[in-house]
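Got a structure here, written out as structure tokens. Questions coming.
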Amino acid sequence: MTLVSARDLVTDAARSGTGIGAFNVIHLETAEALVRASAQAGLPVIVQISQNCADYHGGLEPIAVATLAVARRAETPVAVHLDHAERPDLVDEAIALGFGSVMFDGGALPYDENVAVTAAVTERAHAAGVYVEGELGEVGGKDGAHAPGVRTDPDEARAFVEATGVDALAVAVGSSHAMTDRTASLDLSLIARLHDALSVPLVLHGSSGVADAVITDAVRAGMTKINVSTHLNGFFTRAIRSVLDADERLVDSRRYLAPARDALADEAARMLRLFALEG
Ligand SMILES: [Zn+2]
């Protein structure tokens, strides 16, 4: 197998009532680790590049081209997705680069503006055969704080999906971005109500702050795409720290990046199995 669209992976997971892992690429070693995790687990993966990551690299193209190349060489199905694009022009660039799916994040916009911009972006993406994830009800935590209590209303979500044509929807159900402990509680009854109300799969952002058992409960309640970044970054960075702490004369960066890549692959593989309810 090789590069596929997130459309196929999310649709298959939604049909089978399981979850699909969507993990963030930060640099080349992350992309390599996540594709290796997919092979280790024998399960597909969505690797995603955020607007923040593109900005860190000074543009989307270098990290995107590298990630797409790694994905094309995969033994298992791998999708490359644009995460949290708040600038419509970044979506257009991702489509031109060959991404099979994009997230346009208008969650911080007033509702009417979110609808208008998301609908326009979705129309252009669909014309190119690209799958679109939208967001309604801001998923909190840009500052690392706990969930601010924002929740996505099922009726508003249904109206949003109909008005914009998005293929999947990121919803606010209690998780929060960039948490470094796994203590968030999720509103499982709201997930079930959103699942019943909507014709499109649900996306959980901020899953790093959610414990294993709560994530699997969320999948059973109807959550499909599970986004994780911070939690996996922790495995990568702790491995580097332990190698550097053990040898202060080390200078070859491959000597600490390789074990970090291994540690990230192992945890990502474990999470792929967990979300697929094989754990
Ligand atoms: Zn997110």
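Among the residues of the range 241-254, is any in a helix (DSSP H, G or I), modelled with pLDDT of 95 or more and under 23 Å from His81 (Cα atoms)?
Checking the range 241-254: not a single residue is in a helix (DSSP H, G or I), modelled with pLDDT of 95 or more and under 23 Å from His81 (Cα atoms).
Could you check how many residues of the range 194-206 are open to solvent by less than 30 Å² (accessible area, probe 1.4 Å), more than 16 Å from the ligand (Cβ to nearest atom) and not in a helix (DSSP H, G or I)?
2
Taking Asp212, is it in contact with a helix residue (DSSP H, G or I) (Cβ under 9 Å, 6 or more places away or on another chain) and open to solvent by 30 Å² or more (accessible area, probe 1.4 Å)?
Criteria met by Asp212.
Here are some residues: Ser185, Ser242, Ser175, Ser207. Which one is hydroxyl-bearing (Ser, Thr, Tyr) and touching a Leu at 6+ places or on another chain (Cβ under 8 Å)?
The unique qualifying residue is Ser175.
Rundown of residues vs (1) surrounded by 15 or more Cβ atoms within 10 Å (Cβ to Cβ); (2) modelled with pLDDT of 95 or more; (3) out of contact with any Ser or Thr (no Cβ under 8 Å at 6 or more places or on another chain), yes/no style:
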{"residue": "Asp143", "(1), (2), (3)": "no, no, yes"}
{"residue": "Gly149", "(1), (2), (3)": "no, no, yes"}
{"residue": "Thr164", "(1), (2), (3)": "yes, yes, no"}
{"residue": "Asp181", "(1), (2), (3)": "no, no, yes"}
{"residue": "Ala192", "(1), (2), (3)": "yes, yes, yes"}
{"residue": "Ser208", "(1), (2), (3)": "yes, no, no"}
{"residue": "Thr216", "(1), (2), (3)": "yes, yes, yes"}
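Next up: Which numbered condition in (1) within 16 Å of the ligand (Cβ to nearest atom); (2) assigned to a helix (DSSP H, G or I); (3) touching a residue at least 40 places away in the same chain (Cβ under 8 Å) is the only one that Lys225 fails?
Only one criterion is unmet by Lys225, namely (2).
The values are calculated or read from the model by the stated rules, or taken from the named source; none is laboratory data. Computed from a predicted model, the values in this text were never measured in an experiment. Note that each Cβ is placed from the backbone with ideal geometry, even for glycine, and that neighbours are counted across all protein chains shown. Accessible surface areas use protein heavy atoms only, side chains included; no ligands, DNA or RNA. Shrake-Rupley method; radii C 1.70, N 1.55, O 1.52, S 1.80 Å.
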